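Please read the structure below before turning to the comments.
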Amino acid sequence: MGELDVTAMYGMHEALRWEVTRLARLTVQVGHDPRRVLRWRLFKQSLRCHFAAEDEALWPPLRRAMAHRPEALTLLEAVEAEHAALDELIDAIDEAPTHADARPGGLGDLTDSLVTGLTGHLRHEEAAVLPLIRQALTPPQWAYFTHLHIRRSTPP
């Protein structure tokens, strides 16, 4: 089996890192609420599409291929838990108060947590999961993930 080209995954991760950092910078500027800019909606959509494609097309075949390796299965569970935690954090940002009596720094603290959580998650995936993907997935399985990711990310 040939080596899978996971360059697009690194590219997507880099784009997510760049965008979440930019959104966090907007939050610390006086009067800017990242939720009020199109970037926030596009970022959320991109991140959730990425997670959904991984959940549907990567984790199940990887879980089957790694069934004999409990440490790999534990790793996949951890990555899925990171997805859930990041989704909850995005929901918390969306639900954070915007009025004048909101807790000072509340939105900034949440976006800082999102930057820290997402960048940590992406590093974790790159260091621990991408090597498993390269070992275990077949080119057709990887192609399916790529196709699904593109389809989910493209507006109708």
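Rule-based calculations on the coordinates, nothing more; no lab input. Bear in mind that the values here come from a model prediction, so they are computed numbers and not experimental data. Reconstructed Cβ throughout: ideal geometry from the backbone, glycine too, with neighbour counts over all protein chains shown.
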field: Nitroxide proxy distance, nm - points 7 Å out along Cα→Cβ at ARG134 and GLU3
entry: 0.6
- request: Could you list the residues of region 129-156 with an amide nitrogen less than 18 Å from a label point located 7 Å from the Cα of GLU56 in the Cα-to-C-beta direction?
  value: 140-156
- request: Could you tell me which of LEU4, THR154, ALA127 has its Cα farthest along the dipole of the chain towards the positive end, charges placed at Cβ (Lys, Arg +1; Asp, Glu -1), taken about the Cα centre?
  value: THR154
message: Charges on Cβ only, +1 for Lys and Arg, -1 for Asp and Glu, centred on the Cα centroid of region 61-156; of LEU75, ALA92, PRO139, which one is farthest towards the dipole's positive end?
response: PRO139
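For region 7-153, what relative contact order do you get, as a whole percent, if you take Cα pairs closer than 8 Å and at least 6 residues apart? Numbers along the way, then the final one.
Details: 95 pairs, mean separation 56.1, N = 147.
Relative contact order comes out at 38 percent.
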message: How tilted is helix 38-53 with respect to the longest principal axis of the chain? Cα atoms for both, answer in degrees (0 to 90, nearest 10).
response: 20
- request: Mind putting a number on the dipole of region 48-131 about its Cα centre? Charges go on the C-beta only, +1 for Lys and Arg and -1 for Asp and Glu, and I need it in Debye to the nearest 20.
  value: 360
- line: Note, MET9: beta-carbon cut-off 11 Å, +1 each Lys/Arg, -1 each Asp/Glu, net -4
- prompt: What number, rounded to the nearest 500 deg cm²/dmol, is the helix-based mean residue ellipticity at 222 nm of the chain, given -39500 (n - 2.57) per DSSP H run of at least four residues and division by all its residues?
  reply: -24000 deg cm²/dmol
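Using the 10 angstrom Cβ neighbour count as an exposure proxy, how do THR111, THR146 rank, fewest first? Don't jump to the answer; show the numbers that get you there.
Numbers: THR111 24, THR146 17.
Ordered from fewest to most neighbouring Cβ atoms within 10 Å, THR111, THR146 come out as THR146, THR111.
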- request: With only Lys, Arg, Asp and Glu charged, each at its Cβ (+1 for the first two, -1 for the last two), find how big the charge dipole of the chain is about the Cα centre; round to the nearest 20 debye.
  value: 440
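Mind checking the full-extension length gain between ALA92 and ARG36? Use 0.36 nm per residue of separation minus the Cα-Cα distance, one decimal, nm.
Numbers: separation 56, 0.36 × 56 = 20.16 nm, distance 1.50 nm.
Between ALA92 and ARG36, full extension yields 18.7 nm more.
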